[in-house]
Each structure stands twice: as structure tokens, then as C-alpha cells.
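Reading through the C-alpha cells given below for one structure.
No value in this document is a laboratory result; all are computed from the given coordinates. Please read all numbers here as calculations on a predicted model, not as lab measurements. Cβ: placed from backbone, ideal geometry, glycine included. Neighbour counts: every protein chain shown.
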């Protein structure tokens, strides 16, 4: 059976592109949940799935941090930057894991740090953070200066009327 030149070109393109995805973190199946970052000590896992949304009064940050205990998380706020950091223990380093024969190890481990800079300042003193089922939810009220304000608009006629009533008095 003979293939058309278009099919041959597509197969050639796929053969060229496929190795790029196998060699880079983008092709890593864990990339959908975790990304990898190089540090001086090697590769560490970084939690990736974070949602951030804001209303008129507050910003809400939701982060998926599976396998991490709330005591292993640190949350800091400085002006408009929110930083989440912590660590996830390597199962192979636990007592049971040291005595085991490993066939596959895909669970991420290591220290991570993730910073989000918001386009406005928040009131860290009134922040609320909760943790349930591996999901961290942080609610940060906007700083008063960052909240939208409605400003009354006066027309030029209003000012003319006010000036006229002042002259008559």
C-alpha cells in the first residue's frame, strides 16, 4: 500500500516532535499536577495547580498540595506577594522504604516555594487559611486603598446652581 506524500510528511513531523516531549518536563505525565525545578541540590517537586480569583473585597487562593500536612506548609504575605512553601517527604527515605526493593518511584518529594504577586495590596492581618483533603484555601481581604470606590459625578450645572445660590445669600 502506498501512502500519500501528506501522510508521509505528517509522520515525519511526528517523529521529529515526539522526542522533544519525551525529553522535556512538558512530556512528563506528572506535569499535569507537578512541575520540576532544578536547584543546586537536584530536582525538586513544585505544586502547580493554583487558582486565584478576586472580588471587590477579597482575593481567594486555592492550592492543591496532596500528601502534605498543614503543619508542613508555610504561608507568608508581604504587601502584594503571597508565598506558599513547604516540603514533602520522600517515601524512600522513610524506615519502611529504606528496607524495600523499589520498582517504581513517581511520587514527588522535596521542598517547594511558590510566590504569587497580586496586582493590589491585601490586608494580611485579616487573612484566613483553611486546609481540607489536600486543598489549601486562603482568603485575603483587599487593603482599603485597593478596594474599588464609587465616586459621585457632578455636572457643571450643579456647580453653577450652587454658585448662584451662594451669591443670593
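What to note about this one:
- Sorted ascending by nearby beta carbons within 10 Å, beginning with the fewest, 13, 107, 118 become 13, 107, 118.
- Cα gyration tensor shape of region 62-119, rounded if a/c is under 1.5, else prolate or oblate by comparing a/b with b/c: prolate
- The slack in the chain from residue 83 to residue 144, taken as 0.36 nm per residue of separation less the alpha-carbon distance, amounts to 19.8 nm.
- Using C-alpha pairs under 8 Å with a sequence gap of at least 6, the mean separation divided by the residue count of region 33-146 gives a relative contact order of 29 percent.
- Three-way shape label, region 33-146, alpha-carbon gyration tensor, a/c 1.5: prolate
- Relative contact order of region 56-112, pairs being alpha-carbon contacts under 8 Å that are 6 or more residues apart, as %: 28 percent
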